[in-house]
Amino acid sequence: MIEKRQFHRIGMTETCALSHQDKLYEGQLDNISLNGAVASFPDNVDLPTGAICLLTINLKDDSSVLTLNVEIIHSNTAMVGMRFVPLDEDGQHRLVNLVEKFTTEPAKLASELEKLKWHIANYLRAS
């Protein structure tokens with residue numbers, strides 16, 4: 001099988017919450033990348049693919065909260081795969097800081113950040 005991921009995953013054990021319309025699911029972030037995340041939940045999760053949700057990550061180390069908009073890519077009863085939808089500058093900065101803090105592959109992360117900068121620069125030139 002061909003690997004489709006563009007960004008390496010970083011294991012996490014932070015608590016999180018995923019909200020969609022009037023439902024709130026509380027669980028644990030299993031891994032995160034610059035592009036998305038996977039979380040597991042003790043209760044059944046009923047989210048359609050393509051749903052836009054709010055992911056709240058509770059950061060143990062500094063007692064802060066990171067809130068990001070996500071699109072559901074895959075969902076079963078206990079796990080959800082999601083991709084980050086466009087983030088504002090502060091959200092981007094906080095996500096990069098989080099990933100930098102937990103990565104075990106800083107050289108790979110640096111390469112991914114350079115790739116992102118290149119794509120953003122080309123997008124802005126085309127606009």
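Worth a mention:
- Theoretical gain in end-to-end length, ALA107 to GLN28 [0.36 nm per residue, Cα-Cα removed]: 25.8 nm
- Between helix 106-126 and the chain: long-axis angle, C-alpha atoms, 0 to 90°, nearest 10: 80 degrees
- Pairwise Cα inverse-distance average, inverted: Kirkwood Rh of segment 1-65 (Å): 13.0 Å
- Our helix-only sum for the chain, with -39,500 (n - 2.57) per DSSP H run of n ≥ 4 divided by its residues, gives a mean residue ellipticity at 222 nm of -9500 deg cm²/dmol.
- The charge dipole of the chain, taken about its Cα centre with unit charges on the Cβ of Lys, Arg, Asp and Glu (plus for the first two, minus for the last two), comes to roughly 480 debye.
- Selected from ILE10, LEU109, ASN69, residue furthest toward positive end of dipole (the chain; charges at beta carbon): LEU109
- Additional length obtainable on full extension of the chain from GLN21 to LEU59, 0.36 nm per residue less Cα span: 11.3 nm
- Highest-MSF residue in the chain out of LEU116, LEU87, LEU18 [GNM, Cα springs under 10 Å]: LEU116
- Taking the C-alpha atoms only, the angle from helix 89-102 to the longest principal axis of the chain is near 80 degrees.
- The lysine pair tally for the chain, using Cα distances under 19 Å and a gap of 8 or more places or different chains, is 4.
- Size of the chain as Cα extents on the principal axes (Å, biggest first): 42, 35, 33
- Look at the dipole of segment 10-126 built from charges on Cβ: of SER40, ALA78, VAL96, the Cα furthest out on the positive end belongs to VAL96.
Computed from the coordinates by the stated procedures, all read-outs in this text should not be read as laboratory data. Values in this document were obtained by computation on a predicted structure and should not be read as measured data. Neighbour counts run over all protein chains shown; Cβ positions are idealised from the backbone, glycine included.
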